[in-house]
Amino acid sequence: MGFSDLLEEVGGFGRYQWLHVTLISLPGLLMASQNLLNNFVSGVPGHHCSLPANHSIHHLPYQSELQVNCWLGLHHFLFHLFRYVEPQWQLLAANSSANVTYVQTEGCLNGWTFDRSEFLATTVSEWDLVCSRRSLKQMIQTIYMGGVLTGAILYGGLSDRFGRRSVLIWSYLQLGVLGCSSALSPSYSAYCVFRFLSGMAVSGVILNGVSLKVEWIPTKARTIVGTLSSFFFTLGQMILAGLAYWLRDWRKLQVVVCVPQFLFFAYSWWYSESARWLILNRRSEEALKSLHRVARINRKPEMIDKLTLEVMHSHMTKEIESSRSSFTAFDLLRTRGMRRISTCLIAVWFSTSFAYYGLAMDLQKFGVSIYLMQIIFGAVDFPAKLLALGMLSYLGRRVTQATCLFLSAVIIFGNIFVPTEMQSVRTTLACLGKGFTSASFTTVYLFTGELYPTIIRQTGMGFVSTMARVGSMAAPAVLILDEVFPALPSLVYGGAAVLAGCFACFLPETLNVALPDTIEEVEEKW
């Protein structure tokens with residue numbers, strides 16, 4: 001007897017659960033926009049050194065590449081642009097073979113001119129994040145992921161103390177207010193601060209949304225619900241591409257992807273707090289009211305009279321006894337079973353996020369329209385996650401997790417040996433690799449929620465997902481290594497996925513196993 005039996009008595013996966021899962025999953029449509037926003041908000045437009053104001057051909061359009069070439073050095077050294085000190089008019093001659101190798105050059109003393117055909121305005125064109133300031137573009141994403149990491153630590157502990165529902169509601173409001181404030185940023189520094197705080201809120205939304213869903217779903221429905229609800233995130237990647245193509249201005253895009261958070265905040269008051277959490281925190285009367293409400297919505301009115309405090313406590317006597325102790329993040333490593341689970345999950349979360357964002361955060365390198373590339377990267381997740389759903393249902397979590405990681409590593413390594421001129425093949429392999437890392441993400445979210453006990457589930461989710469944030473922060477930095485050796489980023493991403501796949505093999509299987517509520521249950525089962 002346990003809480004799963006109580007859920008079955010009040011309707012199992014009924015009308016309440018359908019509404020509950022759908023409403024919590026809807027914000028996932030815009031979580032992808034938050035995580036991948038830097039691809040478009042900080043897209044790098046075509047650019048060259050601005051012409052000196054006293055030159056007679058200053059009025060020439062950007063497209064006059066040959067004429068601009070006569071006095072702008074469009075060659076670069078490690079992405080640093082130069083221009084000729086004096087215009088080289090001889091380059092205008094037809095079939096010119098003039099040698100300009102030793103012509104004196106200088107930096108872009110008058111700033112840069114940006115092409116507006118792909119982006120109308122980005123943070124790169126507004127704050128000149130090119131040449132020596134090029135690393136500041138990736139720094140925005142690193143700072144944002146730092147906020148996500150901080151939020152995972154902070155909101156994970158707070159939700160185990162104050163409840164999933166209250167922290168989730170606050171996170172919606174925080175993301176709406178600070179996300180929209182980002183669009184009003186007067187400077188690069190202010191924008192980074194707002195993105196950091198927005199990242200904290202994103203972490204609160206994702207982690208508490210996952211826990212609140214899992215803790216109201218019966219055991220048998222967890223696999224299919226967990227996988228299908230992840231399609232909201234996948235669809236969100238394609239929505240982001242459409243919005244970015246339509247708006248083309250980073251401030252407008254920033255507002256449009258954040259304003260809906262106020263709608264999510266408004267209806268989130270309808271959610272019921274996790275009855276599991278309420279019972280284990282000695283708030284049994286509130287838990288009973290929540291269960292009665294669920295029974296009423298699920299059209300099980302007869303259970304309202306049958307389900308009393310005594311009946312509820314009889315189902316969870318063991319769990320209630322265990323809840324009298326206080327728990328911290330140190331309890332995740334206190335026992336042998338918890339140490340094993342936490343260590344393996346840290347490796348899986350880090351490597352999955354590391355490889356995923358390494359592939360997804362540099363779309364401009366593929367030589368295809370960045371908007372089309374984002375749609376392709378989103379679309380590939382559909383078959384990948386359907387494959388993961390089948391594997392999760394029949395082969396179990398452990399096999400699925402390890403297989404997705406190993407396959408993504410094989411594809412990433414394979415891309416190293418494809419010649420750069422075979423761009424379509426490289427792009428196809430990158431899409432497949434991203435699909436498997438996305439399937440790995442879906443699996444690890446479900447797997448983690450099932451491995452940690454209720455009494456410390458949210459603290460555990462926050463703890464191990466911090467490593468995912470470390471991975472997502474490190475991924476953009478590794479991309480810079482391609483200036484030293486082009487294959488190096490792929491070697492690092494693939495190697496991390498292989499290592500994580502090995503760790504995944506040591507995790508216990510949770511297919512069709514009831515959620516554990518206490519640390520003692522974890523030790524007994526695994």
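The numbers here are math on the coordinates, done by the rules we state, and not lab data. Because the structure is a prediction, the values reported are computed rather than measured. Every residue, glycine among them, receives a Cβ derived from its backbone with ideal geometry; neighbour counts consider all protein chains shown.
Tabulated values for the structure
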{"item": "Gain on full stretching of the segment that runs from W112 to L19 - 0.36 nm per residue minus C-alpha separation", "result": "28.3 nm"}
{"item": "Label-to-label distance, nm, for residues given as L499 and K289 (7 Å Cα→Cβ offset)", "result": "4.9 nm"}
{"item": "Rough spin-label spacing in nm, given labels placed 7 Å along Cα→Cβ, for E524 and W246", "result": "5.3 nm"}
{"item": "Eligible lysines near K137 by straight Cα distance, threshold 16 Å, same-chain separation 8 or greater", "result": "K365"}
{"item": "Computed FRET value (nearest 0.05) for E126 with V425, which takes r as the C-beta separation and R₀ as 35 Å", "result": "0.45"}
{"item": "Cα point-scatterer Debye curve for segment 327-525, base-10 log of I(q)/I(0) at q = 0.10, 0.13, 0.17 Å⁻¹", "result": "-0.42, -0.68, -1.06"}
{"item": "Phi-based couplings in Hz for segment 407-421 (Karplus 6.51, -1.76, 1.60; Gly and Pro marked x)", "result": "5, 5, 5, 4, 5, 4, 5, x, 5, 4, 8, 8, x, 4, 6"}
{"item": "Protection-proxy order for peptides 26-33, 245-252, each taking the mean of Cβ atoms within 10 Å per residue, highest first", "result": "26-33, 245-252"}
{"item": "Out-of-range pairs (alpha-carbon distance over 21 Å; input K252/K434; K220/K385; K385/K434; K220/K525; K220/K434; K213/K289)", "result": "K252/K434; K220/K434"}
